[in-house]
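Here's the structure, in structure tokens; my notes come after.
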Amino acid sequence: MKFMRLAISLAGKSNPSPNPRVGAVIVKKGRIIGEGYHEKAGMPHAEIEAIKDAVKKGHNVRGSTLYLTLEPCCHINKRTAPCTRAIMEKGFSKVVCAMKDPNPQVNGKGIKILRKSGIAVDVGLLREEAVAINRGYIKSMTSGLPYLAVKMALTLDGKIATNSGESKWISGNDSRELVHKLRREHDAVMVGVGTVLADNSSLTCRPGKQSGNPVKIVVDSRLRTPLNAKLLDSGNVIFLTTKNYNKKKRKILEKSGVRFVVAGGKRVNLGQALKQLPQFGILSILVEGGGELNASIFEERLADYIYFFTAPKIIGGRNAKTPVEGTGIKKLKDAITVNNMKTRKIGADVLIEGDVCH
């Protein structure tokens, strides 16, 4: 297991979206002789990087075992050669992969090719951990939709702002630092136009080990976002809008590089809009919107995960905003439930997270 754990750790060093995170470890006679991970789409895959690492160190990989977090690719309509070919040519005796690749072009075919060539293949070691690092890729391949994690900061009495709309800052500094880390781990951050108008956040990441900011997605049916909004300053913005958008403003925004997805009439049809995002390389989204956007996401069963940062504060107010608004459910039996729930202290706050049941 330790070799696969290392492979999973290596896979987490990069986010090569829209490609999956993959780590590889080569073991010979009980010793690690090569390591690698897929750094970026278009660059060598983890298997190739591990082979290069072993050769650089003066090792012959023939007869060794390759530990992989994902089934090796076998298709040819991409920028890199099939990894199954390299594995066979280098003479590996065994491949241990944590899970099959859900990509229909692979999905068991790579394993079948290797076995047919005489290479022993084991599948399923630490599968759950391997799934966890590629949730966006897996959902995109199986449903055509990106993976949505909903993040919210709220008080003990379930408020996300005061009666006057003040929300900075409900959560503590440690929680906000973690949110910046979560932004880096996702391909995009999504907010509604209400959040843009209320907070005018830049939605960028603080400098860290991983450079670059996620794509910013704004759900704005009539393009009410001001042209001087901070999130427009650093570029890489996509608006989800409707047929009723402000055409004049759209032309101005397009000149600055903003991209558009049109779905719906009066309101943005989120399901339709989200299905168009993988074409932009967006497979995972951190939702940082308000109660109305969250309501739409939960009502349409689009959420996959939650991060609820609960601060030790009580602000009250029957009209103060809550994390999930909308019309709500009528019967408790229809309530959305959360599985595999975990809690942990983040500074003075408590983070509650888990998988949303569909």
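Assorted remarks:
- Filtered by the rule that a residue be open to solvent by less than 50 Å² (accessible area, probe 1.4 Å), among the polar types (S, T, N, Q) and assigned to a helix (DSSP H, G or I), segment 167-199 gives S175, T195.
- Of all residue pairs spaced 6 or more apart or on separate chains, those with beta-carbon atoms under 6 Å, a first member in segment 334-358 that is touching a residue at least 40 places away in the same chain (Cβ under 8 Å) and a second member that is open to solvent by 50 Å² or more (accessible area, probe 1.4 Å) and among the acidic types (D, E) are I346/D174; G347/D174.
- Contact map, segment 49-77: first residue at pLDDT 95 or above, second residue open to solvent by 30 Å² or more (accessible area, probe 1.4 Å) and among the small types (G, A, S), Cβ cut-off under 9 Å, separation 6 or more or different chains; pairs are R62/S93; G63/S93; S64/S93; T65/S93; T65/A120.
- Residue within segment 113-131 that is closer than 30 Å to Q279 by Cα, in contact with a strand residue (DSSP E or B) (Cβ under 9 Å, 6 or more places away or on another chain) and modelled with pLDDT under 95 present: no
- All of (1) within 30 Å of T322 (Cα to Cα); (2) in contact with a Ser or Thr (Cβ under 6 Å, 6 or more places away or on another chain) hold for K151 with one exception: (2).
- Members of segment 54-72 that are under 28 Å from the mean Cα position of the chain (by Cα) and either open to solvent by 10 Å² or more (accessible area, probe 1.4 Å) or β-branched (V, I, T) (or both): Y67, T69
- Qualifying positions in segment 242-300 - surrounded by fewer than 17 Cβ atoms within 10 Å (Cβ to Cβ) and of a type in the set (S, T, Y): S256
The values are calculated or read from the model by the stated rules, or taken from the named source; none is laboratory data. Here the structure is a predicted model, which means the values were calculated and not measured. Note that each Cβ is placed from the backbone with ideal geometry, even for glycine, and that neighbours are counted across all protein chains shown. When the accessible area is computed, the model is the full protein with side chains, heavy atoms only, and any ligands, DNA or RNA have been set aside. Shrake-Rupley method; radii C 1.70, N 1.55, O 1.52, S 1.80 Å.
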